[in-house]
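Peer 1: The structure's right below; bear with me while I get my questions together.
The values are calculated or read from the model by the stated rules, or taken from the named source; none is laboratory data. Everything numeric here is computed off the predicted structure, so don't read it as measured data. Note that we place each Cβ from the backbone using ideal geometry, even for glycine, and neighbour counts take in every protein chain shown. Accessible surface areas use protein heavy atoms only, side chains included; no ligands, DNA or RNA. Shrake-Rupley method; radii C 1.70, N 1.55, O 1.52, S 1.80 Å.
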Amino acid sequence: MVDPINQFDRSNDYKKDFPILKREVRPGVPIVYLDSAATSQKPESVIAAMEVYYRQLNANIHRGVHTLAEEATAAYEGARERITNFIGARDTRELIFTRNTTESINLVTQTWGRSTLKTGDLVILTEMEHHSNLVPWQMLAAEKGLRLEFIPVNDDGYLDLDVYQQLLKLEPKVVAFMHMSNVLGTINPAREIIRMAKNAGAITLLDAAQSIPHFTVDVNEVDADFIAFSAHKMLGPTGIGALWGKRTILENMPPFLGGGDMIKKVFLRSFSANDLPHKFEAGTPAIAEAIGFGAAVDYLVSAGMDRILQHEQRLVTYALEKLKRIHGLHVLGPDSVSAKGGVISFTLEDIHPHDIAQILDSEGIAVRAGHHCAMPLHERFKITVSTRASFYLYNDEEDIDHLIKGLEKVQQIFR
Amino acid sequence: MDDLYREIIIERSKNPIYRGELVPHDISFEDENPLCGDHLRIDLRVDQEGIIREAAFSGHGCAISQASADLLLEYVMGKSLDDVRRMHKEDLLDLLGIELGPVRLKCALLPLKILKAGVYGVGGGSEALDEEVS
């Protein structure tokens with residue numbers, strides 16, 4: 001009998017663009033990288049763009065009048081423009097460079113939140129949040145006396161929107177949530193959640209760290225007030241991310257960090273803040289990284305976000321089908337591919353994920369083991385830890401076959 | 001690799017001898033590995049001469065940490081609290097008989113860190129071992 005899921009075209013045009021995927025973990029053991037939800041690998045073009053900056057353009061930006069400074073500034077601001085376009089925004093003043101998603105969210109809580117929210121105000125989050133969209137709000141709640149409520153996650157890994165509807169009657173000031181779960185892979189209905197929040201008069205923040213890298217997110221379509229994301233999960237370098245925000249809101253926010261570049265004028269006892277987006281970018285930024293971020297976006301655009309989504313859904317379908325056949329393996333979250341991104345977390349009998357990950361590593365397979373910075377979510381599913389395999393455009397069916405073989409070895413050892 | 005999951009590690013993690021809780025106990029201490037959320041508690045009963053007469057561990061963790069806890073408690077049975085204070089990480093690693101990278105080393109040494117913290121009183125032992133580990 002022909003195996004229907006083995007009929008896919010196994011070729012992958014993207015893999016060759018990622019130099020690290022050519023290395024061996026140990027002599028004779030090639031890398032099988034299934035940890036892109038933690039960080040993605042970088043294509044040659046991103047690495048080259050950053051190298052070009054250091055070899056040919058290196059200078060501090062914005063203030064200098066010499067050629068290098070002008071070219072570096074143009075490259076940095078050019079990256080901002082391409083990233084702005086990539087998320088469907090029109091105004092580059094709305095795109096603020098940060099260190100990562102975490103810093104973007106902290107920027108919102110520490111400036112907008114601190115200056116706007118008052119004792120007793122309600123913030124709605126979800127049970128599936130990454131610690132980066134929990135802890136900043138907990139810190140602000142402790143400081144300001146805010147109330148926190150959580151949209152529950154049901155057994156199938158979806159948000160319970162009926163409960164959300166009830167919570168909205170409590171008149172929240174903020175609804176902040178992740179677009180796609182880094183553990184369950186659940187793609188939350190962002191547009192609907194945001195529309196409901198707006199009707200209730202709340203400001204919305206979308207943690208798009210796992211979504212923007214994998215499918216088209218158009219800021220006009222989702223209509224959030226703030227969107228946070230990181231370059232390193234979308235083929236770019238570490239150390240740079242972005243906060244997109246609506247201009248009217250950003251303009252009324254106090255600055256975040258104080259220092260150079262974020263000012264217009266400075267006196268001994270006072271300063272006036274610079275215009276957007278520089279108001280939120282104090283000090284010399286990560287220039288090479290911003291340029292690398294821009295190159296990453298170029299790569300994604302040329303690959304085509306729709307093709308990337310299709311490719312990953314094909315891989316998830318294939319992987320779920322194969323994983324189901326492993327006795328004692330339980331997948332967390334949705335089993336419907338239409339609502340699940342390229343992230344599969346699972347438990348295997350009572351074998352500890354660290355042991356699973358270690359044995360897989362001996363086969364060159366990189367997966368993640370632990371709570372994936374979502375301890376409350378694991379608690380909700382009454383487990384402490386899980387093993388996670390996550391995919392990106394450079395993965396193929398062969399990588400998944402390696403994973404399956406590796407898991408069989410795990411079972412053999414713990415038999 | 002196959003060395004890392006030696007027969008004894010698998011056997012001791014699946015069928016530990018010292019798994020359980022002692023109530024009442026003379027010494028009890030628990031802690032966790034923040035990297036993986038693994039949690040471990042060790043209970044001891046000690047006689048008047050300071051000799052460990054009964055020992056048990058509870059909690060959850062990977063095969064390495066479970067086997068390490070079981071082998072450690074077996075080793076300290078009948079030994080004095082002073083003997084425990086004098087233990088080094090190498091003593092435990094010898095019991096395990098495996099080579100570990102820095103991340104898994106924390107799994108393997110968590111039981112000793114907890115045992116020492118219990119014997120020294122909260123904090124003291126774990127600081128002493130942290131220095132040794134890092």
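Peer 1: For B:Glu30, are the conditions met, namely being modelled with pLDDT of 90 or more and under 13 Å from the mean Cα position of the chain (by Cα)?
Peer 2: When the stated conditions are applied, B:Glu30 passes them.
Peer 1: Related question: Taking helices (runs of 4 or more DSSP H) that fall entirely within region A:41-147, which contain at least 1 residues that are at positive phi and either among the aliphatic types (A, V, I, L, M) or surrounded by fewer than 16 Cβ atoms within 10 Å (Cβ to Cβ) (or both)?
Peer 2: The helices (runs of 4 or more DSSP H) meeting that bar number zero.
Peer 1: Where in region A:262-357 are there strands (runs of 3 or more DSSP E), lying fully within it, with 1 or more residues that are in contact (Cβ under 8 Å) with a residue 24 or more places away in the chain?
Peer 2: A:329-331, A:343-348
Matching residues to (1) on the phi < 0 side of the Ramachandran plot; (2) without any contact (Cβ under 8 Å) to a residue 60 or more places away in the chain:
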| site | (1), (2) |
| --- | --- |
| A:His372 | no, no |
| A:Pro376 | yes, no |
| A:Thr387 | yes, yes |
| A:Phe391 | yes, no |
| A:Lys405 | yes, yes |
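Peer 1: So for region A:180-187 (the condition being modelled with pLDDT of 95 or more, open to solvent by 10 Å² or more (accessible area, probe 1.4 Å), under 30 Å from A:Ser302 (Cβ atoms) and of a type in the set (A, V, I, L, M)), does at least one residue qualify?
Peer 2: yes
Peer 1: Where residues in region A:393-415 are within 14 Å of chain B (Cβ to nearest Cβ) and of a type outside the set (D, E, K, R), which of them is surrounded by the fewest Cβ atoms within 10 Å (Cβ to Cβ)?
Peer 2: A:Gln412
Peer 1: Which is buried (at least 21 other Cβ atoms within 10 Å of the Cβ) and either in the same structural domain as A:Asn60 (by TED's automatic domain parsing) or in contact with a Pro (Cβ under 6 Å, 6 or more places away or on another chain) (or both), of A:Ala295, A:Ala273, A:Ala282?
Peer 2: From the options A:Ala295, A:Ala273, A:Ala282, the qualifying one is A:Ala295.
Peer 1: Inside region A:381-392, can you point out the residues that are of a type outside the set (A, V, I, L, M) and open to solvent by 30 Å² or more (accessible area, probe 1.4 Å)?
Peer 2: Within region A:381-392, A:Phe381, A:Lys382, A:Thr384 meet the criteria.
Peer 1: Assess whether B:Cys62 counts as being within 14 Å of chain A (Cβ to nearest Cβ) and farther than 16 Å from B:Leu112 by Cβ.
Peer 2: no
Peer 1: Does region A:335-356 include one or more residues that are open to solvent by 20 Å² or more (accessible area, probe 1.4 Å), in contact with a Leu (Cβ under 9 Å, 6 or more places away or on another chain) and within 30 Å of A:Asp218 (Cβ to Cβ)?
Peer 2: Yes.
Peer 1: Would you pick out the residues in region A:358-380 that are under 20 Å from B:Pro34 (Cβ atoms), open to solvent by 40 Å² or more (accessible area, probe 1.4 Å) and more than 7 Å from every other protein chain (Cβ to nearest Cβ)?
Peer 2: A:Arg368, A:Cys373, A:Pro376, A:Glu379, A:Arg380
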